[in-house]
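The values are calculated or read from the model by the stated rules, or taken from the named source; none is laboratory data. This one's a predicted model, so the numbers in the text were calculated from it and none came from an experiment. As a convention, Cβ positions derive from the backbone with ideal geometry for all residues, glycine included, and neighbour counts pool all protein chains shown. Please note that ligands, DNA and RNA were not included when accessible areas were found on the heavy atoms of the full protein model with its side chains. Shrake-Rupley method; radii C 1.70, N 1.55, O 1.52, S 1.80 Å.
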Amino acid sequence: MYLFRGILACVLAGSSWGSGHLSGQAASSFSGDPSAGRRLFVERGCLRCHSIWGNGGTLGPDFAVVGAGRSMQQLAGLFWNHTPRMIETVRQRGFSWPTFTEAELADIISYVYYVKLFDERGDPQLGERWFAAKRCVECHAVGPVGGRVGPPLDGYARYVAPLMLAQGMWNHGPAMQSQQATRGVPIPVFAGREMADLQAYIRSASSLRRRLVVFLQAPDLKNGEQLFTSKGCIQCHGPGGRGTAFAPDLRTATQRLRVSEIAGELWNHSSQMSAAMRARGIAFPRFQGTEMADVIAFLYYLRFNETGGDVTAGHLVFTSKGCANCHAPEVGTAIGPDLARSEAVRTALSLATAMWNHAPAMYDHVQTRRIEWPRFEGNEMRDLADYLRTRPVRNP
């Protein structure tokens, strides 16, 4: 969850993540291994055209940006939409078209998803402004500046991203907010990337002598899933964070917010959540180590394996996008395989893998016949996959 110093350089160099990666725990609830996906991203040449947070090629979009808020199948559809341009670029530059197994494509997409957990550094000058404007300076010191009502914040200078700061604020929230009410100090509210800016200011102004970044292990999705239950989050936010009458659907936050923004939102709502939990007799949860990072990682991946496609909508996609003209012998000319008989439709990911690997041949055929390249928006890829899995097999 934390933006390690040089982490993107590690991606470019193809070196290891260090001691922390998602290892095997992604296998049960979450498809793909981001660590393996990072390796494939380099080995298969994706880095020639695409970047991660601005590090890499510039011919294609930055994958740290395009993965925001999309499910695995939506990302697969996005990849497909840009395939013609990618094929043309690959051929012009003399590269071979990269192919993937189903497991490898899951790793690649999981990696694209995973890099969104990292965040850009904040602006220390803006952070200094927020430190004063939100009156943090009246109670907390950074370096020689600030009050002594609360503990100094210099220790957080070990980290680049604000998650540990957010965790500390959360754990001490009830006491801090009680103190603020007593002193007549309004509880600060954070918007946008202000938490990232504040963290950047702490790093720049802290008197901490050892300023080396702490290399924490990467978030553990399975642990985050377990913590979501054991800390009582599930009692208000429901299974899978889908929301209840007591609290909202948490998946929407991961669709639109960066990690630093989520950190601010956690603080903004901590007072209200604390009061609501007391009213329901639920203990206010506190987090240690990387537990908050694990929970946020779990929430980020909730949409990764999103299911529940619309078969009727998928049938419409199959016909309106022209798929039936080549892949339904009873309708078209059977130029491509009958997808009702194909192993490619066993899962949504297997369909995406088959489409990717055969994209150059399909592109040439589309060019020859002057057919418009089909594009998938929203959940159309998911709906199509569900329809094809239920489509009856016709006798030849």
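For segment 308-317, the criterion of being surrounded by fewer than 21 Cβ atoms within 10 Å (Cβ to Cβ), within 27 Å of H82 (Cα to Cα) and modelled with pLDDT under 90 is met by at least one residue.
Whenever a residue of segment 263-286 is assigned to a helix (DSSP H, G or I), its partners that are of a type in the set (G, A, S), lying with C-beta atoms within less than 6 angstrom and at least six residues away or across chains, give the pairs A263/A166; L266/A166; S270/G173. Among the criteria (1) touching a Phe, Trp or Tyr at 6+ places or on another chain (Cβ under 7 Å); (2) assigned to a loop (DSSP other than H, G, I, E, B); (3) among the acidic types (D, E), the one E128 does not fulfil is (2). Kindly indicate whether S204 is closer than 24 Å to I296 by Cα, small (G, A, S), open to solvent by 60 Å² or more (accessible area, probe 1.4 Å) and modelled with pLDDT of 90 or more. No.
When each of G192, G147, G184 is tested for being surrounded by fewer than 16 Cβ atoms within 10 Å (Cβ to Cβ) and closer than 20 Å to D119 by Cβ, the lone residue that passes is G192. When R286 is tested against (1) more than 20 Å from M176 (Cα to Cα); (2) open to solvent by 20 Å² or more (accessible area, probe 1.4 Å), only condition (1) is not met. Report yes if some residue within segment 256-263 is among the polar types (S, T, N, Q), open to solvent by less than 50 Å² (accessible area, probe 1.4 Å) and under 26 Å from F131 (Cα atoms); otherwise report no. Yes: segment 256-263 contains one or more residues that are among the polar types (S, T, N, Q), open to solvent by less than 50 Å² (accessible area, probe 1.4 Å) and under 26 Å from F131 (Cα atoms).
Residues in segment 42-85 that are open to solvent by less than 10 Å² (accessible area, probe 1.4 Å) and over 24 Å from R375 (Cβ atoms): I52 only.
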